[in-house]
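Down below is the structure, laid out as structure tokens.
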Amino acid sequence: MYYSLLSLPLLLPLVTGQLSSGVGPLTSASAKAQTKTCNVQSYGGVADNATDVGPAIQSAWEDCAAGGLIYFPAGDYALDSWVTLTGGTGVAIQLDGTIYRTGSDGGNMFMIEHTSDFELFSSTSRGAVQGFGYEFHAQGSLDGPRILRLYEVSDFAVHDVVLVDAPAFHFSLDTCSNGEVYNMVIRGGDSGGLDGIDVWSENVWIHDVEVTNKDECVTVKSPAKNLLIENIYCNWSGGCAMGSLGSDTDISNILYRNVYTWRSNQMYMIKSNGGSGSVSNVVLDTFIGHGNAYSLDIDSYWSSMDAGSSAGVQLTNITVQNWTGTEEDGSQRGPIKVVCPDTAPCTDMHISNFAMWTESGDAQTYTCQSAYGDGYCLQDDGDSDSPESYSTTSTATTAPSGYPAPRMAGDTQDSLGTDALIPIPTIPSSFFPGVAAISPLAGGAGASSSGIASSTPVSTPVSTPAVGTAYPVLHRHRREH
Ligand SMILES: *[C@@H]1O[C@H](CO)[C@@H](O)[C@H](O)[C@H]1NC(C)=O
Ligand SMILES: *[C@@H]1O[C@H](CO)[C@@H](O)[C@H](O)[C@H]1NC(C)=O
Ligand SMILES: *[C@@H]1O[C@H](CO)[C@@H](O)[C@H](O)[C@H]1NC(C)=O
Ligand SMILES: *[C@@H]1O[C@H](CO)[C@@H](O)[C@H](O)[C@H]1NC(C)=O
């Protein structure tokens, strides 16, 4: 199907089994630009940081939605009225400027729906949306808008853009398929309700993303399948998770790897309380944590959710391996907590190469409840068809060998608070210790070298040969089934 884009297979990065087919747009942004370019400045958009650019985006979309590229030249734009961009085919949005929220409605600042072969990106890696969420949060309100929501979008990519300080959630992927999300920084206030990326979709590759907030980092919701999530930096966040899981949960084939978590609520949580359905075939591989409250936290009686009346969500075939680092207080909140429903025990659970130690005190606990498999406190079910419930907590008083783990240079001691302006950061080129981002920044190696805006704004869209020819090589991650 995607042959024309697979002409350089040796240059495609290796993507392992979790995805079910290729991901990303079907045609390059430069090809779209050649079909038609709709510059928002030709539709009434003005980079004066005052004129509402919403109507210009909506008009540019009407003209380019059937095939083309919507282009924001570098500059500062005000967004007062939200946009719903629907029914596109073969359309890209090249955001090389910064969009500042000025409107105050709820909803979604950018809603893209029922669209295929789509790309949202910045060619300079400096495109950003500043949500000024602190204006709401300082008043104790979480009623402002989300920044970006994709609904029923297929064959797409979102990359090289920065989302800052959403009044509510930052980025949701709802019922999308065959997508790639990469080279992004999401930086929000230090509060719950400000999720980074929430994804309930099929066949999506999310990689090289940093999230600062105090809620979901990159979190899977139901239904979802075939997600590959890697090189994730949860920098003072809630942490990555799955859930909240309720009735008819349907999640399978999820691989997280290279997840670095600093000062977050947890390194990985699966959260439910009652509920039904299943989660299966999940791998959580190569996690590093420092300063987190919880580490592995599977909680099927999560007290922040109202208890459902069903037996519980069935978890099966979940592998946790290669975790290192330290947790805040291991005797208060041990690094392994696998609490499964007594009425629906977890099966085929595996924990190996797990070496974490406490930052305070000299003991840590491992807690398992109705969880069957192998490793640490997991019990062997002896191939029983109906394993019985149990609960056990053990205490370790010596540090496991191999627990020390590297840190990211960007870890800081201070949160971003909730009542002050959050500056727009630049996108780094690494999101996990010792691992370079899979794709180079669109803006080139120097794109993240300083915190100030580019002094050489790109004045033409990606159809310029230098950038355009790079697309098939740098921005395509198609993979044969
Ligand atoms: C754009 O306007 C906002 C206020 O809406 C202001 O905070 C911001 O600093 C302005 N951006 C620039 C680059 O002047
Ligand atoms: C368990 O999950 C892994 C990873 O998704 C998968 O490769 C394996 O086939 C699954 N095993 C079973 C018995 O389904
Ligand atoms: C990760 O853990 C698996 C299973 O315990 C092990 O086979 C593998 O060698 C580990 N990988 C690394 C890089 O340590
Ligand atoms: C990590 O988050 C803190 C805010 O908590 C921020 O000051 C720091 O710059 C972030 N680090 C990186 C590398 O972005």
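Just so you know, all these numbers are worked out from the coordinates, no wet-lab data involved. Fair warning: this is a prediction, and the values are worked out from it, not measured in the lab. Reconstructed Cβ throughout: ideal geometry from the backbone, glycine too, with neighbour counts over all protein chains shown.
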Exercise for the section: Can you pull the one-decimal nm distance between simple spin-label points at residue 62 and residue 104, each 7 Å off the Cα toward Cβ? Expected result: 2.9 nm
Exercise for the section: Choose one of 426, 360, 416: the residue whose Cα lies farthest towards the positive end of the charge dipole of segment 300-437 (beta-carbon charges +1 Lys, Arg; -1 Asp, Glu; about the Cα centre). Expected result: 426
Problem - lysines with Cα under 28 Å of residue 337, excluding same-chain neighbours fewer than 8 positions away - result: 214, 221, 225, 271
Practice task
Select from 308, 270, 235 the residue farthest towards the positive end of the dipole of segment 220-414; place +1 on Cβ of Lys and Arg, -1 on Cβ of Asp and Glu, and compute about the Cα centre.
Solution key: 235
Fill in the blank from the handout: Computed over the chain, the relative contact order (Cα-Cα under 8 Å, seq sep at least six) in percent reads 13 percent
Completion exercise
Once residue 36 and residue 398 are pulled to full extension, the length gained, defined as 0.36 nm per residue separation minus their Cα-Cα distance, is 123.9 nm
Practice task
Compute the acute angle (0 to 90°) between the alpha-carbon long axis of helix 54-64 and the principal axis of greatest extent of the alpha-carbon atoms of the chain; round to the nearest 10°.
Solution key: 80 degrees
Problem - Structure-based [θ]222 nm, the chain - -39500 (n - 2.57) summed over DSSP H runs of at least 4, per residue, nearest 500 - result: -1500 deg cm²/dmol
Exercise for the section: Go ahead and run the numbers for FRET between residue 374 and residue 174, Cβ-Cβ distance against an R0 of 25 Å, rounding to 0.05. Expected result: 0.10
Fill in the blank from the handout: The exposure ranking of 285, 143, fewest beta-carbon neighbours within 10 Å first, is 143, 285
Exercise for the section: Using the number of other C-beta atoms within 10 angstrom as an exposure proxy, rank 111, 242 with the fewest first. Expected result: 111, 242
Fill in the blank from the handout: Between the modelled labels at residue 306 and residue 332 (7 Å from Cα along Cα→Cβ) the distance in nm is 3.1 nm
Fill in the blank from the handout: A student asked for the Cα radius of gyration and Dmax of the chain in angstrom ought to give 22.4, 70
Fill in the blank from the handout: Computed over segment 220-414, the convex hull of the Cα set has an average projected area, in nm², of 10.4 nm²
Problem - Size of electric dipole in the chain: Cβ of Lys, Arg +1 and of Asp, Glu -1, about Cα centre, debye, nearest 20 - result: 1200 debye
Practice task
For each of 137, 170, count neighbouring Cβ atoms within 10 Å of the residue's Cβ, then give the residues from fewest to most.
Solution key: 137, 170
Handout entry: Inter-site label distance for residue 390 and residue 420 at 7 Å from Cα along Cβ, in nm
Key = 5.2 nm
